Amino acid sequence: MKAAPTHAAAAAEFLKDSERSHWHDETLWHVRSKRDVSAQKIPEWEQLRTLASQIKDHVLSNLDNLLLQFEKKAQANGIEVLWAKDAQEHNEHVLRILEENQVKQLVKSKSILTEECGLNHFLEDKGYDVVDTDLGERIIQFNKQVPSHIVMPAIHLKKKEIGDIFHEHLGTDAGADDPKYLTEAARQHLRQKFIQAHAAITGVNFGIAETGGFVVCTNEGNADMGTHLADIHIACMGIEKLIPRAADLGVYLRLLARSATGQSITNYTSHFHRPRKGKKMYLILVDNGRTKQLGREDFRNSLKCIRCGACMNTCPIYRRSSGFSYNSTVPGPIGSILSPGMDLNKHSTLPFASTLCGSCSDVCPVKINIHEQLYKWRQVITKEGPPQVSKRWAMRFGGQVMSKPRLFELMGKMARKSLSISPRGFVYNSFNAWGKHRELPEVPKETFKDWYRKNRNHDK
Amino acid sequence: MKVGLFIPCYVEQFYPKAAIATLELLEKAGVEVAYPLKQTCCGQPMANSGYEVFGQGASDLFRENFAEFDYVVCPSGSCTLHAKEHILSNKEGEPKLYELCEFMTDVLQVKELKSRFPYKVGLHASCHGLRGLGLARPSELMVPDFNKPLHLLEMVEDIDLVHLARKDECCGFGGTFAVFEEAISVQMGKDRIQDHQEQGVAVITGADMSCLMHLEGLLRRDKSPIKVMHIAEILNGQEPDK
Ligand code: SF4
């Protein structure tokens, strides 16, 4: 299989436009800062995080039973529940529902799961026009892109670029980039689509085992607009999105929006329990690699994710390389621990796209040990991923030197000597990635060991 | 109390002044310190690159070198964290491992320092020490504020400590990350430096020489007058290089 572009290469490309990368960094840092201000106002913030993490522990340990309970309740409420073992099966379920109900027009609110399953492409190939109704998603749909962020899918685009896209697709005035004006244009455009739609597809933020109901959080109310107008509601849900009781919901709702954007709650938090009279509601429960991840002791915690995006906003690498550099549906730190589980070869560079600074783990509202899992994926990848001969050789050699004190001193001496006598061009060349933009440390006259032998008379 | 000094490999080779300052600081505090000469490295470079196995020899050597001590003190948050997580498990009978600042505040409970440093200083919070060892409150966590390295620096006479716009953003060193993700590593370093520069610092300090080595590399290439110094050097009252 051909190797995917490495994260490093994609990041270097993005950074070439330093003005844009700087703007991207500042924009997301601003969101992270809003999160801080908002979280600070909750005295029990850290307790909430712990609780949220523990509830998810419970869910992951009892997923089988909770899912069955959820299914039973949902069915009793009149929801048709379908199971999908993978993306293909999920997409086929959706197609079958559309065909059975002779749906011609459909709208879709934001769902990263349907991105993961490639639903839009699948349906477009079958002749359907899928209209994304989340403003950000509609913008990138016009622009033929995928989301670069799971909460703010068009965050990589500047106002002016959005103005240009709207000019091309919606006929807004050329050069107009006033957000109010553009939003109004989008509203008019989408309103038509809402009215025409026979089916509405939504994601699911939380499924509640106890009640068989589910919750969808949006800021634009587009999920509600879609589902209230259409006869058919298809909700697509990853099986890990479950929580045990309605009473647990508050814990997550308090954390979700604050972590995501600093809002105290999403503008719309919609609870769905049963279809309205004469209408239909479907719920597709998708595995697509999740039970596999559940079986990986070191990585199962990644399934606690509530997709708030905070780890992206805080990540100094994500902020400077943008979501596309990850080449995976879920980018950023959480994507880097989820994606290798889906395709180790394709995503083998992602766990290395981190300094292991740990900011992601500390910001995560469900306390996923993201940076520790990045470290663990590295150990897996060097064993099972694509071979990296020279890196492996260097590390093995380094390991040998470091285990033999005399050899270490000798190698150190040689390196120091050659560094101090070599002409610059010898040291700073294209093989020396360190030295492209950085000086190497100056070579001191003596090492600490030399000094210690001279100045402290211990014989140890 | 028998204290063994662990000096990270690159500090031993390239930054002996930081090591000497660490030793002298501990000696001034009345601690009996020894430096086992057979030490090399904690094995972190191999492990963080995904080759934990090749770091095994270094780990074994580390354990051997320090078996006889009550405490091991190391002037690097990152190496301390790695050794804590992968070499010494803080079991009964094993030496207890501390990063220099936490050893001074938590074990020695240092209350005053006889040193002076009349310069504008920016403190770089290295991530592994910050979040891994808990040297300070990371900005993400909503817990009461504390900062051990800052607490020590505040004891230095005439020091002028600045406030940064992003007080604990990573500098982009990250071990082999600095090489394999060169472009982004460099950008992160430059951004960090700019924050310090905007506050007009003369010196950037921190508890991890590796981050400082990365920042120094950028500063020197840029011919910037800003110097980097390990926190031990400042606490020990050393002057910056001219
Ligand atoms: S891993 Fe945590 S911080 Fe990142 S998106 Fe998921 S819940 Fe949010």
Is the C-alpha gyration tensor of segment A:44-288 telling us rounded, prolate or oblate? Criteria: a/c under 1.5 is rounded; beyond that, a/b larger than b/c is prolate, otherwise oblate.
oblate
Correct response: the longest run of chain A lacking exposed GluC sites (Glu not before Pro), defined by DSSP loop and at most 16 other Cβ within 10 Å, is A:45-209
Over the Cα atoms of segment B:120-235, how large are the radius of gyration and the largest Cα-Cα distance (Dmax), in Å?
13.5, 41
May I ask for the Rg/Rh ratio of segment A:1-67, computed from Cα atoms with Rh as the Kirkwood radius, given to two decimals?
1.23
Carbon plus sulfur, as percent of the 1.4 Å-probe accessible area of chain B, comes to 50 percent
In whole angstrom, how long is each semi-axis of the equivalent ellipsoid of segment B:2-107, when you take the square root of 5 times every eigenvalue of its Cα gyration tensor and sort them from largest down?
21, 16, 12
Spelling out what I want: for every residue of segment A:147-164, take phi, set θ = phi - 60°, compute 6.51 cos²θ - 1.76 cosθ + 1.60 (Karplus), and round to whole Hz; glycine and proline get x.
x, 9, 8, 7, 9, 10, x, 10, 5, 7, 9, 7, 3, 5, 5, 5, x, 5
Please report, in debye to the nearest 20, how large the charge dipole of chain A is about its Cα centre when each Lys and Arg carries +1 at its beta carbon and each Asp and Glu carries -1 there.
1960 debye
Could you derive backbone 3J(HN,Hα) for segment A:61-72 from the dihedral phi with the Karplus parameters 6.51, -1.76 and 1.60 (θ = phi - 60°), listing whole Hz in sequence and x where the residue is Gly or Pro?
7, 10, 4, 4, 5, 5, 5, 5, 4, 4, 4, 4
Scan segment A:205-257 for trypsin sites (Lys or Arg not before Pro) in coil per DSSP, keeping those whose Cβ has at most 13 other Cβ atoms within 10 Å, and list them by number.
A:245
For segment A:101-181, the Kirkwood Rh over every pair of distinct alpha carbons, in Å, works out to 13.6 Å
In Å², rounded to the nearest 100, what is the total accessible surface buried by chains A and B against each other with a 1.4 Å probe?
6800 Å²
Name the cysteines of chain A that stand alone by the Cβ rule: no other cysteine Cβ under 4.7 angstrom.
A:117, A:217, A:236, A:305, A:308, A:315, A:364
What number, in nm² with one decimal, is the all-direction average of the projected area of the convex hull of the alpha-carbon atoms of the protein assembly as shown?
31.9 nm²
Kindly provide the GluC sites (Glu not before Pro) of segment B:51-142 that DSSP labels as loop, not H, G, I, E or B, and whose Cβ sees at most 11 other Cβ atoms within 10 Å.
B:92, B:112
Residue-level accessible surface for residue A:420, protein heavy atoms, 1.4 Å, Å²
70 Å²
Any idea what diffusion coefficient segment A:330-387 gets from Stokes-Einstein, in µm²/s, Kirkwood Rh on alpha carbon pairs, 4 °C, 1.567 mPa s?
115 µm²/s
At q = 0.17, 0.25, 0.33 Å⁻¹, work out log10 I(q)/I(0) for segment B:197-242 with the Debye formula, treating every Cα as an identical point scatterer and leaving solvent out; two decimals please.
-0.45, -0.95, -1.29
For chain B, with a Gaussian network of springs between Cα atoms less than 10 Å apart, report the residue from B:98, B:15, B:51 with the top mean-square fluctuation.
B:51
Taking the Cα centre of chain A as the origin and placing charges on Cβ (Lys, Arg +1; Asp, Glu -1), which of A:356, A:400, A:249 is farthest toward the positive end of the dipole?
A:400
Whole angstrom only: what separates the Cα centroid of segment B:28-71 from the Cα centroid of segment A:18-39?
39 Å
Between B:196, B:86, B:124, find the one with the highest GNM mean-square fluctuation for chain B; connect C-alpha pairs within less than 10 Å.
B:86
If you take all C-alpha pairs in segment A:389-459, what percent of them are over 20 Å apart?
48 percent
Overall dimensions of segment A:305-460 as given by Cα atoms, namely Rg and Dmax in Å
20.6, 61
Simple Cβ-charge dipole of segment A:44-288, Lys/Arg +1 and Asp/Glu -1, about Cα centre, in debye nearest 20:
720 debye
Using every pair of alpha-carbon atoms in chain B, split the distances into 10 Å bins beginning at 0 and state the percent of pairs per bin, rounded to integers.
7, 33, 38, 19, 3, 0
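The values are calculated or read from the model by the stated rules, or taken from the named source; none is laboratory data. Because the structure is a prediction, the values reported are computed rather than measured. Cβ sites come from the backbone with ideal geometry, for glycine too, and all protein chains shown count toward neighbours. The accessibility values were calculated without ligands, DNA or RNA, using every heavy atom of the protein model including side chains. Shrake-Rupley method; radii C 1.70, N 1.55, O 1.52, S 1.80 Å.
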